[in-house]
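Step one of this worksheet: look at the structure below.
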Protein chains: 2
Amino acid sequence: MKLKKSPFAPLKFPKLPAVPGVMVSACTAGIKNNSQLDLMLMVFRPETIAAGVMTKSSITGAPVDWNRRVLGTHNSRALIVNSGNANVFTGSKGTETVTKTAEKVADVIGCNPNSVFVCSTGTIGEHLDSKKIVDNIDNLYQTLDTNNWLKAATAILTTDTYPKGSSRITTIDGNEIKIVGIAKGSGMIAPNMATMLAYIVTDAKIPQKMAQILVEEGVSKTFNCITVDSDTSTSDSLFLFSTGATDHPTIHDIDDPAIAGFRSALNEVLLDLAHQVIKDGEGAQKFIEVRVEEALNNGAARNIALTVCNSPLVKTAVAGEDPNWGRIVMAIGKSGEESIQNQISVYIGGTLIAHNGEVAKHYREGPVKKHMAGRNIKINIKVGVGNGSATVWGCDLTHA
Amino acid sequence: MKLKKSPFAPLKFPKLPAVPGVMVSACTAGIKNNSQLDLMLMVFRPETIAAGVMTKSSITGAPVDWNRRVLGTHNSRALIVNSGNANVFTGSKGTETVTKTAEKVADVIGCNPNSVFVCSTGTIGEHLDSKKIVDNIDNLYQTLDTNNWLKAATAILTTDTYPKGSSRITTIDGNEIKIVGIAKGSGMIAPNMATMLAYIVTDAKIPQKMAQILVEEGVSKTFNCITVDSDTSTSDSLFLFSTGATDHPTIHDIDDPAIAGFRSALNEVLLDLAHQVIKDGEGAQKFIEVRVEEALNNGAARNIALTVCNSPLVKTAVAGEDPNWGRIVMAIGKSGEESIQNQISVYIGGTLIAHNGEVAKHYREGPVKKHMAGRNIKINIKVGVGNGSATVWGCDLTHA
């Protein structure tokens, strides 16, 4: 089944720069049931470190188990990713496939298998034939190139309707630094997916432990603030590979002003990719931003915002372009977080609707209906109990 | 908009017996935007006690606040319910409407206003004109009858496609006891609803504190084990009114064998009504039962079962009659509850599909596809960590 392209799909894939220390290739390995690209290899220079976060699901695939074990233990030399099969709930055969894959990649590059990251996305519960992957690794190695981003971003897709890439150029101590990211994911609603993957590469020289902090901090405000359908994949993974190919002075402190620019550029790439994932949510017609303020703390604000953004009632109201603010109020109530009913304010598209425990005086539905007819829906909420705030992003689901 | 009748709608409303000590009436008060019944009054004999549970949302309507305050403080003389307006997020005017309503009912019956329960269901955030209710109370009082169940069950509906009633006849110490219940609710997906209401009446003589225990125990295995869309209403309320009109010996202990039959008959009425609510879920085409065993405890089992039953991925698989067990596995993983991946078993319609961490040997999709083509879908899960079990019920949502 060919899915209809998202109305948010960009006209073309962005031009992404080469990143010193990173080579990429992709091929058709026959894992997907068509002739599309489905296997991708990235190779990194020996000094590269990796940081990353993985799904919080208690049910994970063999690749996630492998990556959890090797993360932070060795320098990182390679990443291999297939689409079309998630290698989840595949028993000991699944583990065997991952091991054979990492060993073959390590053999070709000349490194420890623990320096190889392995990811899979696609159907759950079907055996992933290691031969299809292993037999293609020599070819992938021989076709490595610094500019294969579009092929790489395409090879990791499943039900996505467009490839996703983003980049920023920044500086550390006057040295130009490149950050390039690719991602896949469009919710877990479509056929058999197991789902979100994102890879960021940079030529900055960041110690592994500091990179890990930067990734967790960045993800908490970007990828962990988006929601398509509230389902949690068995395979979600995001990695940052930092090659250190640019010879700037080593950074020893997370708050060193020298990396302030890098930190914010990294967060911009993460946010851009996260938004691209939401905008390719299954059948998404509306991009929804929910901002919550005056919560007990930032975590409570995020929880309220996610509850609003995940509510089927709110999603259907947005899909139907119906300014039904009662549903927003309902979702705030069900979040389990503290709020003061008489202090809650609800805005849609900047128009104050609910206030002081009832509909705002002089509220007219017209401007809100007009806002809701657009593609980008903004909901602002104040809950009157503290200084916590958060922004999350989601989409409607009704046209899935 | 007229909603299409649920395929699960019964051919006709069940014949419900009169309950000694209970009189009922209903009328058209013009609160709904059509000429349908929208106001219902029940009057109880003076010795009646009430037990009940209400929404856990932190945002509640004025009626819920009123009922929370009076529950268990006085004998109960009356219940008045309107549909078409939930009287939620209506500020001090909302409280005023509830107070005026209770005072007028109390005045007509000759009782304390705190003996009157007031419920509202319908749109959130619109002022509910007390005049529409108060002006109809004399008329409602004059038309009270012991057999007005169908009118009462109809007057409390909003987007439901059929009225919901259930009854059982049992005995306590050889005395015949009647239990009659009516309910409304079909999820929170449709226009402006705020939502589930259920009222059970009996002529048994049960002390209030014991009735409260029986209700909480019964609800935990019935109404708290159903899910249409995961949204939580601002108005959900369930009350049991026990008139004591049947003169059996007083029950002093919850485990007195004399009420074992009553207890199970009450739970049957609760379960029957809960199932009727699910089967009228917005656009429901499939009734889903999820049974979880071998969880750490019963609460963990219920949480896993609800996570599976609420998962948009699982719902769409059921709607599409696709035996996509990977989605069930995914939902178990996201529940946050303990499970041992290699010990998980998943059955659909009695067929073992996943087992020992991978697809079951000799699994054939045919019988499962056939089961999924039916209306009643059974999913059984074992998670291999303990003795906890729970059953929950839900429906697909795709046709809403």
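The values are calculated or read from the model by the stated rules, or taken from the named source; none is laboratory data. Fair warning: this is a prediction, and the values are worked out from it, not measured in the lab. We place every Cβ from the backbone using ideal geometry, glycine too, and count neighbours over all the protein chains shown. Ligands, DNA and RNA are excluded from the accessible area calculation, which covers all protein heavy atoms including side chains. Shrake-Rupley method; radii C 1.70, N 1.55, O 1.52, S 1.80 Å.
Key figures for this structure:
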{"quantity": "Some residue of the stretch A:364-371 being in a loop (DSSP other than H, G, I, E, B), surrounded by fewer than 23 Cβ atoms within 10 Å (Cβ to Cβ), not assigned by TED's automatic domain parsing to the domain that holds residue A:272 and not hydrophobic (A, V, I, L, M, F, W, C)", "calculated": "yes"}
{"quantity": "Total residues in the stretch A:1-25, condition within 18 Å of residue A:199 (Cα to Cα) and either free of Cβ contacts under 8 Å to residues at least 24 places away in the same chain or open to solvent by 10 Å² or more (accessible area, probe 1.4 Å) (or both)", "calculated": "9"}
{"quantity": "Qualifying residue in the stretch B:196-204 (condition: away from every other protein chain (no Cβ under 14 Å) and more than 30 Å from residue B:174 (Cβ to Cβ))", "calculated": "yes"}
{"quantity": "Of all residues in the stretch A:58-89 being open to solvent by 10 Å² or more (accessible area, probe 1.4 Å) and among the hydrophobic types (A, V, I, L, M, F, W, C), the one that is nearest to the other protein chains (Cβ to nearest Cβ)", "calculated": "A:62"}
{"quantity": "Tally of residues being among the charged types (D, E, K, R) and modelled with pLDDT under 95 across the stretch B:173-204", "calculated": "2"}
{"quantity": "Matching residues, the stretch B:200-228, being in a helix (DSSP H, G or I) and more than 26 Å from residue B:250 (Cα to Cα)", "calculated": "B:223, B:224, B:225"}
{"quantity": "Matching residues, the stretch B:357-383, being over 21 Å from residue B:289 (Cβ atoms) and in contact with a helix residue (DSSP H, G or I) (Cβ under 6 Å, 6 or more places away or on another chain)", "calculated": "B:357, B:358"}
{"quantity": "Hits in the stretch A:284-303 (condition: over 14 Å from residue A:390 (Cβ atoms) and open to solvent by 30 Å² or more (accessible area, probe 1.4 Å))", "calculated": "A:285"}
{"quantity": "Index of the failed condition, residue A:315 passing every other in (1) at pLDDT 90 or above; (2) in a helix (DSSP H, G or I)", "calculated": "(1)"}
{"quantity": "Elements of type strands (runs of 3 or more DSSP E) contained in the stretch A:21-122, each with 3 or more residues being touching a Lys or Arg at 6+ places or on another chain (Cβ under 8 Å) and modelled with pLDDT of 95 or more", "calculated": "A:22-27, A:39-44"}
{"quantity": "Those residues of the stretch B:26-35 which are open to solvent by 70 Å² or more (accessible area, probe 1.4 Å) and touching a residue at least 40 places away in the same chain (Cβ under 8 Å), in sequence order", "calculated": "B:33"}
{"quantity": "Matching option when the condition is over 24 Å from residue A:199 (Cα atoms), among the small types (Gly, Ala, Ser) and modelled with pLDDT of 90 or more, among A:305, A:260", "calculated": "A:305"}
{"quantity": "Scan of the stretch A:231-262 for residues that are part of a helix (DSSP H, G or I) and farther than 26 Å from residue A:10 by Cβ, ordered by number", "calculated": "A:257, A:258, A:259, A:260"}
{"quantity": "Of all residues in the stretch A:315-333 being touching a strand residue (DSSP E or B) at 6+ places or on another chain (Cβ under 8 Å) and among the hydrophobic types (A, V, I, L, M, F, W, C), the one that is farthest from the other protein chains (Cβ to nearest Cβ)", "calculated": "A:318"}
{"quantity": "Residue in the stretch A:351-362 that is nearest to the other protein chains (Cβ to nearest Cβ), counting only those that are under 22 Å from residue B:62 (Cα atoms) and outside any strand (DSSP E or B)", "calculated": "A:357"}
{"quantity": "Qualifying residue in the stretch A:90-113 (condition: free of Cβ contacts under 8 Å to residues at least 24 places away in the same chain and within 14 Å of chain B (Cβ to nearest Cβ))", "calculated": "yes"}
{"quantity": "Residue B:306 vs. criteria among the hydrophobic types (A, V, I, L, M, F, W, C), in a helix (DSSP H, G or I) and either more than 20 Å from residue B:173 (Cα to Cα) or open to solvent by less than 10 Å² (accessible area, probe 1.4 Å) (or both)", "calculated": "yes"}
{"quantity": "Hey, residue A:50 crowded, with 23+ Cβ neighbours inside 10 Å and under 20 Å from the mean Cα position of the chain (by Cα) or not", "calculated": "yes"}
{"quantity": "Where a residue in the stretch A:334-345 is closer than 19 Å to residue A:310 by Cα and facing chain B (nearest Cβ under 8 Å) and its partner, wherever it lies, is not hydrophobic (A, V, I, L, M, F, W, C) and not in a helix (DSSP H, G or I), with Cβ under 7 Å and at least six apart", "calculated": "A:334/B:57; A:334/B:231; A:334/B:232; A:339/A:384; A:339/B:58"}
{"quantity": "Subset of the stretch B:346-359 [touching a strand residue (DSSP E or B) at 6+ places or on another chain (Cβ under 9 Å) and open to solvent by 10 Å² or more (accessible area, probe 1.4 Å)]", "calculated": "B:347, B:349, B:350, B:352, B:355, B:356, B:359"}
